[in-house]
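Scroll down for the structure; my scribbles are underneath it.
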Amino acid sequence: MEDRFAPLKKRLLEICGRLDEDEQIYFRPLVEEFSGSTSEFQRIMRDLGKFGSKIGDGSTFAVYREVQHLFDDAFRRK
């Protein structure tokens, strides 16, 4: 069965690659073990906020919005 959250996980792992090594050690398991629950997603979003401008070039809000849309799209495919 295809993981409906695969596009979201892929994008989060790309973001993870931009982080410092110690941040990656903390964040990567959250992404890899993500099961799709809303509480897990909220934690990931909160942590993205802590990483600030490291998560993307340009607008961090645009990155948040992209990640939120990926989650919403996967959640709708339920």
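The values are calculated or read from the model by the stated rules, or taken from the named source; none is laboratory data. Just so you know, these numbers come straight off a predicted model, no measurement behind them. Neighbour counts run over all protein chains shown; Cβ positions are idealised from the backbone, glycine included. Note: accessible area is taken over every heavy atom of the protein model, side chains too, but ligands, DNA and RNA are not part of it. Shrake-Rupley method; radii C 1.70, N 1.55, O 1.52, S 1.80 Å.
List of remarks:
- Projecting the Cα atoms of ALA74, PHE61, GLY17 onto the charge dipole of the chain (Cβ charges, centred on the Cα centre) puts ALA74 farthest toward the positive pole.
- Per atom type, the chain shows carbon and sulfur on 51% of its accessible surface, probed at 1.4 Å.
- Estimated dipole of the chain in Debye, rounded to 20 [Cβ of Lys and Arg +1, of Asp and Glu -1, Cα centre]: 340 debye
- Label-zone membership for region 53-75, site GLU23, 7 angstrom Cα→C-beta point, backbone N under 19 Å: 53-68
- Nearest 10 degrees, 0 to 90: helix 21-32 Cα axis against the chain principal axis: 10 degrees
- In Hz, Karplus ³J(HN,Hα) per residue of region 46-61 (6.51, -1.76, 1.60; θ = phi - 60°; x = Gly, Pro): 4, 5, 4, x, 5, 7, x, 5, 5, 7, x, 8, x, 6, 5, 4
- Ranking by accessible area, most exposed first, for ASP47, ASP22, ASP72 with a 1.4 Å probe: ASP22, ASP72, ASP47
- Matching the structure-derived volume of the Cα convex hull per residue in Å³ against the labelled list (i) 81; (ii) 154; (iii) 134 gives the label (i).
- Helix axis angle, 6-16 relative to the chain longest principal axis, alpha carbon, degrees: 10 degrees
- Average accessible area per residue (Å²) across the chain - probe 1.4 Å, nucleic acids and ligands excluded: 63 Å²
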